[in-house]
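Before any comments, here is the structure.
The values are calculated or read from the model by the stated rules, or taken from the named source; none is laboratory data. These numbers were taken from a predicted model, which means no experiment stands behind them. No Cβ is skipped: glycine too gets one built from the backbone with ideal geometry, and neighbour counts run over all protein chains shown.
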Amino acid sequence: MCGIYGVYAAGGGLTEPDLIVGRDRLSHRGPDDAGVWVSLDGRIGFAHRRLSIVDLSSGGHQPMQSANGRFMIVFNGEIYNYHQIKQTLKDIGVSFHSDSDTEVLLAAFMTWGDNCLSRLNGMFAFAIYDQGTASQPPTLFFARDRAGEKPFYYSHTAESFRFASELKALGHCGQINLQALNHYLSLGYVPGDMCLFEGVHKLPPAHCGRLNLSTGELTISRYWVLPVNQPKLNMDGTELAGVAGLLIEDSVRLRLVADVPVGVLLSGGLDSSLVVAAAARVSSAPVETFTIALPGSSLDEAHHAQKVASYFGTRHHVLPLDKPSLDLLDGLAPFIDEPIADSSILPAWLVFGLAHKQVTVALGGDGGDELFGGYSDYTTSIADDQRWGIMSKRVLRTVAGAASLLPAGVRGRNRIASLRGGAFQQLIWGRPYFDSQLRRRLLNAAAAAELGHSIEAPEHFLLNLFRQGTDPLDCMTRTHFGSVLPDDFLVKVDRASMMHSLEVRAPFLDHRLIEFAFGQVPSHWKVQDGESRRLERLLAKQWLPEDLDINRKQGFSIPINEWLRNEGEQGLMNRMDGLPDVINIDEVLSIVRGHIAGRANGGRLFALIMLSIAMTNLHQ
């Protein structure tokens, strides 16, 4: 795992010190090594910070140049099947000088061009400079993994192109992008190719790009999509669970390969417990596991994690948070870049810090909910459709519209307002942060007027994902896979783990498992009659302790409502000092007072606090 940074300057004049400044803003991502390279004409430069995972020798140093001198690469991530790709390349005459997956990736691109992406099993963000030939122009090619585990920010003008693993490396101080802010306030993250600040974009998951350095033309394209759901109706649940189990085992086996110590993040939930089980099945050595305890809190799941750890004989490590508070943000704040509103970044940051004391690589359970139907949204929506499905959409819209006029945090407000599009669209219209009515009140009059009808663009972004499914459950899982997974959960994991120079790998996001779950598993083997994760539960009966409660849905969570109330009105308002001018502070104060009075506004207030920190960091 690493930090990458690069610059193309059409007018030339780049020097190594120019690259080093941006590179070393990413030093936390790669404390083991640093490199920099500038082309002879001074028009393009790459820089790299390395966290050594595979081939700890200088053979993995980056930026890495091809033997013929034509190509140069910077790469962040891991190619898990690089041994297989390497052997394929050797069979056709390619020679290698190291055991680095970076060298394999570069050779794969040199051999197959863009088509190398279909052969990669991994998480990655990389850029390759091709100096071209007499008949081919020089180009910059870049790509991001299928699920979006590794980030890639970039800015492009007629004079330059810059890219980096994090926004801070670009040193960007542009104006806030109002539509991106609108999306953040609605979703709790900035999705797709948007960035909170003007002039910067993100390369979306499963996309690649090419910059023609002769013309300045930039093209972005998608190289992979989720398969259409065409289930194998001749297979029963036991057979499907068997296939899933084999895929999970092989995915975990690949992700345990490293030249440094590896562990597993164990919350005690179903997904992480299955990862521990698979690791124990394929590993000859005891597995290291890590969890957080919240003594006295209803959110404390440490005893469930301990039960799994004891069953598999892992070396289990627990970090107790005896007197936790929002003061944890003070340690996290310097690393907040583009904001996410997910308060679970705090316990994630803590458990990653615990894990880093023992290992350099950790496996997590991200992706299981999206693949196998784990969210409560799914069972709730199915039950609501049976309960209210006979009601006309006009009646639902009217009732939902009336509820949305209530103050933020009023009990039942979001639940009713979410029915605007019917039972199955609750995940779209029932946002835990600021729905369109709340955003109209939270933004000042000028900003709200500028957005106009496009203020509902975030909801329509989710609707576009929703409409790609073949049945209601397929619609909902695809919506989550294309939105909150890459732009919230995976950002959280990347950001919080890299603060501690820890690499986190997600076995459920192996593309073979993704394609199986979305392409071949019938929806009724994910959720049916109030039962979610049906395939995973069948697997759990084979792999996990009989007395483990697998009906729970809990990850690493914190009592955010309680923590925020403990801050008091003035304490909370002090944390809002960095909010952009387009935010209506009177409405913020109203939300704060409502929360202290007992309304459920914790998620909304945390979103505003993270936005304030991000804006403050930008201008420092």
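Summary of computed values
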read-out	value
Segment 204-245, residues that are of a type in the set (Val, Ile, Thr), surrounded by 12 or more Cβ atoms within 10 Å (Cβ to Cβ) and touching a strand residue (DSSP E or B) at 6+ places or on another chain (Cβ under 9 Å)	220
Selected residue (criterion: farthest from residue 256 (Cα to Cα)) from residues of segment 71-94 that are in contact (Cβ under 8 Å) with a residue 12 or more places away in the chain and in a loop (DSSP other than H, G, I, E, B)	92
Meets criteria (surrounded by 15 or more Cβ atoms within 10 Å (Cβ to Cβ) and either modelled with pLDDT of 85 or more or in contact with a strand residue (DSSP E or B) (Cβ under 7 Å, 6 or more places away or on another chain) (or both)) for residue 326	no
Subset of segment 349-370 that is assigned to a helix (DSSP H, G or I) and touching a Phe, Trp or Tyr at 6+ places or on another chain (Cβ under 6 Å) - its residue that is surrounded by the fewest Cβ atoms within 10 Å (Cβ to Cβ)	354
Boolean, residue 373 is touching a residue at least 60 places away in the same chain (Cβ under 8 Å) and more than 30 Å from residue 25 (Cβ to Cβ)	yes
Number of the exception - residue 546 against (1) buried (at least 18 other Cβ atoms within 10 Å of the Cβ); (2) free of Cβ contacts under 8 Å to residues at least 60 places away in the same chain	(1)
Selection from segment 434-490 of residues that are more than 28 Å from residue 528 (Cα to Cα), hydrophobic (A, V, I, L, M, F, W, C), part of a helix (DSSP H, G or I) and touching a helix residue (DSSP H, G or I) at 6+ places or on another chain (Cβ under 9 Å)	438, 442, 447, 448, 451, 455, 457
Subset of segment 377-409 [within 21 Å of residue 592 (Cα to Cα) and assigned to a helix (DSSP H, G or I)]	403, 404
Lone unmet requirement of (1) farther than 30 Å from residue 159 by Cβ; (2) outside any helix (DSSP H, G or I) for residue 59	(2)
Which numbered condition residue 4 fails, given (1) exposed (fewer than 15 other Cβ atoms within 10 Å of the Cβ); (2) within 28 Å of residue 217 (Cβ to Cβ)	(1)
Subset of segment 252-268 (residues that are surrounded by fewer than 24 Cβ atoms within 10 Å (Cβ to Cβ) and among the small types (Gly, Ala, Ser))	258
Residue satisfying condition, being surrounded by fewer than 21 Cβ atoms within 10 Å (Cβ to Cβ), touching a Gly at 6+ places or on another chain (Cβ under 8 Å) and modelled with pLDDT of 80 or more, within set 411, 387, 415	415
From the options 170, 140, 178, 185, residue that is touching an Asp or Glu at 6+ places or on another chain (Cβ under 7 Å) and not charged (D, E, K, R)	178
Residue match in segment 410-425 (condition: under 21 Å from the mean Cα position of the chain (by Cα), farther than 30 Å from residue 352 by Cα and part of a helix (DSSP H, G or I))	no
Which numbered condition residue 227 misses (of (1) modelled with pLDDT under 95; (2) closer than 26 Å to residue 479 by Cβ)	(1)
Set 32, 91: member being in the same structural domain as residue 218 (by TED's automatic domain parsing), modelled with pLDDT under 95 and acidic (Asp, Glu)	32
Matching option when the condition is in contact with a helix residue (DSSP H, G or I) (Cβ under 9 Å, 6 or more places away or on another chain), modelled with pLDDT of 95 or more and farther than 25 Å from residue 453 by Cα, among 118, 186	118
Residue list for segment 559-574, filter: over 14 Å from residue 346 (Cβ atoms) and buried (at least 22 other Cβ atoms within 10 Å of the Cβ)	572
Yes/no for residue 51 being more than 23 Å from the chain's Cα centre (by Cα) and either surrounded by 14 or more Cβ atoms within 10 Å (Cβ to Cβ) or hydroxyl-bearing (Ser, Thr, Tyr) (or both)	no
Complete set of residues in segment 494-515 that are among the aliphatic types (A, V, I, L, M), part of a helix (DSSP H, G or I) and modelled with pLDDT of 95 or more	509, 513, 514
Strands (runs of 3 or more DSSP E) contained in segment 199-292 and holding at least 3 residues over 22 Å from residue 151 (Cβ atoms)	262-265
Members of segment 306-330 found to be assigned to a helix (DSSP H, G or I) and touching a helix residue (DSSP H, G or I) at 6+ places or on another chain (Cβ under 8 Å), listed by number	308, 309, 312, 328, 329
Residue in segment 208-217 that is in contact (Cβ under 8 Å) with a residue 40 or more places away in the chain, assigned by TED's automatic domain parsing to the domain that holds residue 45 and under 28 Å from residue 342 (Cβ atoms) present	yes
Helices (runs of 4 or more DSSP H) wholly inside segment 523-612 containing at least 2 residues that are closer than 30 Å to residue 248 by Cβ and touching an Asp or Glu at 6+ places or on another chain (Cβ under 9 Å)	534-543
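This table checks each residue for (1) closer than 30 Å to residue 293 by Cβ; (2) among the aromatic types (Phe, Trp, Tyr); (3) outside the structural domain of residue 369 (by TED's automatic domain parsing); (4) out of contact with any Leu (no Cβ under 7 Å at 6 or more places or on another chain).
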residue: 486; (1), (2), (3), (4): yes, no, no, yes
residue: 492; (1), (2), (3), (4): yes, no, no, yes
residue: 502; (1), (2), (3), (4): yes, no, no, yes
residue: 519; (1), (2), (3), (4): no, no, no, yes
residue: 551; (1), (2), (3), (4): yes, no, yes, yes
